[in-house]
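I have placed the structure first, in the form of structure tokens, so that the comments after it can refer back to it.
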Amino acid sequence: MSTKTEGKHCAEFLVSEANGYRSREAVTVLSGQNLNAGAVLGRKLVSPTIGAAAALGTNTGNGAFGSVTAGANGAIQRGAYKVSFVEPTTNLGTFVVYDPNGQYLGDGVVAAAFDNEITFTIADGATDFVSGDAFSIAVTAGTYKVKEYNPANTDGSQRVYGVLYDNVDASSADKAGVAIVRAAEVRDADLSWFSGATTTQKQTAKDALAAAGVIAR
């Protein structure tokens with residue numbers, strides 16, 4: 001007699017969600033994956049447009065801001081990045097960089113490459129930058145696509161985004177799907193994880209889900 005294994009059912013991990021469809025978000029599952037309902041997701045921004053840096057107000061320093069590209073960690077996001085000088089130094093100067101959500105990405109210095117979600121170099125000018133000089137960098141367009149969350153990834157999916165609502169087989173092409181991303185309770189035991197996920201990695205991901213309002217019980 002043949003044995004059949006019952007797979008995951010649509011939303012079987014879901015304990016409760018907000019009224020209407022407020023907990024849900026339409027998503028595109030990136031090609032090359034076959035994911036079960038309950039899969040913990042990350043997401044990446046595909047083909048964004050990265051604008052030139054624009055001064056915020058009237059800056060004192062006149063060093064040239066080089067071209068901005070996606071950084072080595074691949075986790076670029078849509079929105080406005082901010083670069084703000086905090087420590088003036090002759091022919092140098094230290095700045096801090098924030099992502100579009102206001103999260104600190106790191107410090108940089110004039111004439112050295114900054115490389116995180118975005119990468120750029122600010123050249124020294126005839127007039128040094130002063131504290132408060134600032135720039136904005138707009139990232140627009142592009143398409144967010146979800147894939148299995150893994151903290152070892154370097155394309156943006158190392159950040160938790162949500163939980164897949166139903167099975168989606170995107171093995172050969174991108175496929176439409178739905179994710180639970182806010183105001184919900186999910187059953188811990190029914191979540192699906194990347195191969196080799198450790199207890200610590202799972203807990204870190206569940207903490208990130210909880211911060212977004214998705215509580216694992």
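Here, each number is a calculation from the coordinates, and none is a lab measurement. Keep in mind that what you see is a predicted model, and the values were worked out from it rather than measured. Positions of Cβ are generated from backbone atoms using ideal geometry, with glycine treated the same way; all protein chains shown enter the neighbour counts.
Of the chymotrypsin sites (Phe, Trp or Tyr not before Pro) in region 1-103, the ones in a loop by DSSP (not H, G, I, E or B) with at most 14 other beta carbons within 10 Å are Tyr21. Averaging the Cα positions of each part gives two centres, and for region 137-159 and region 12-91 these lie 7 Å apart.
Nearest 10 degrees, 0 to 90: what angle lies between the long axis of helix 199-211 and the longest principal axis of the chain (Cα atoms)? Taking Cα atoms only, the helix is inclined about 70 degrees. Taking other Cβ atoms within 10 Å as a rough exposure proxy, Glu12, Glu6 sort from fewest to most as Glu6, Glu12. Helix content alone sets the calculated 222 nm mean residue ellipticity of the chain: runs of n ≥ 4 DSSP H residues at -39500 (n - 2.57) each, divided across all residues, give -2000 deg cm²/dmol. Packing-based ranking of 181-187, 157-163 yields 157-163, 181-187, ordered from highest to lowest mean Cβ neighbour count within 10 Å. For the chain, lysine pairs with C-alpha atoms less than 23 angstrom apart, excluding pairs fewer than eight positions apart on the same chain, total 17. Annotation for region 1-93: trypsin sites (Lys or Arg not before Pro) lying in DSSP loop with at most 13 further Cβ atoms inside 10 Å of their Cβ are Lys4, Arg22. Looking at the chain alone, DSSP beta bridges between its own residues are antiparallel in about 90 percent of cases. Report which label in [x] 19.9, 73; [y] 19.6, 67; [z] 21.0, 82 holds the value of Rg and Dmax of the Cα atoms in Å derived from the coordinates of this structure. Recomputing Rg and Dmax of the Cα atoms in Å here picks out [z].
Comparing Asn73, Asn36, Asn62 in a Gaussian network model of the chain where C-alpha atoms under 10 Å apart are linked, the largest mean-square fluctuation is found at Asn62. Apply 1/(1 + (r/R0)^6) to the Cβ-Cβ distance of Asp169 and Asn62, taking R0 = 45 Å, and write down the FRET efficiency to the nearest 0.05. FRET efficiency, Asp169 to Asn62: 0.25. Between the residues Cys10, Gly51, Thr154, the greatest Cα displacement towards the positive end of the dipole of the chain, with unit charges on the Cβ of Lys, Arg, Asp and Glu, is found for Cys10.
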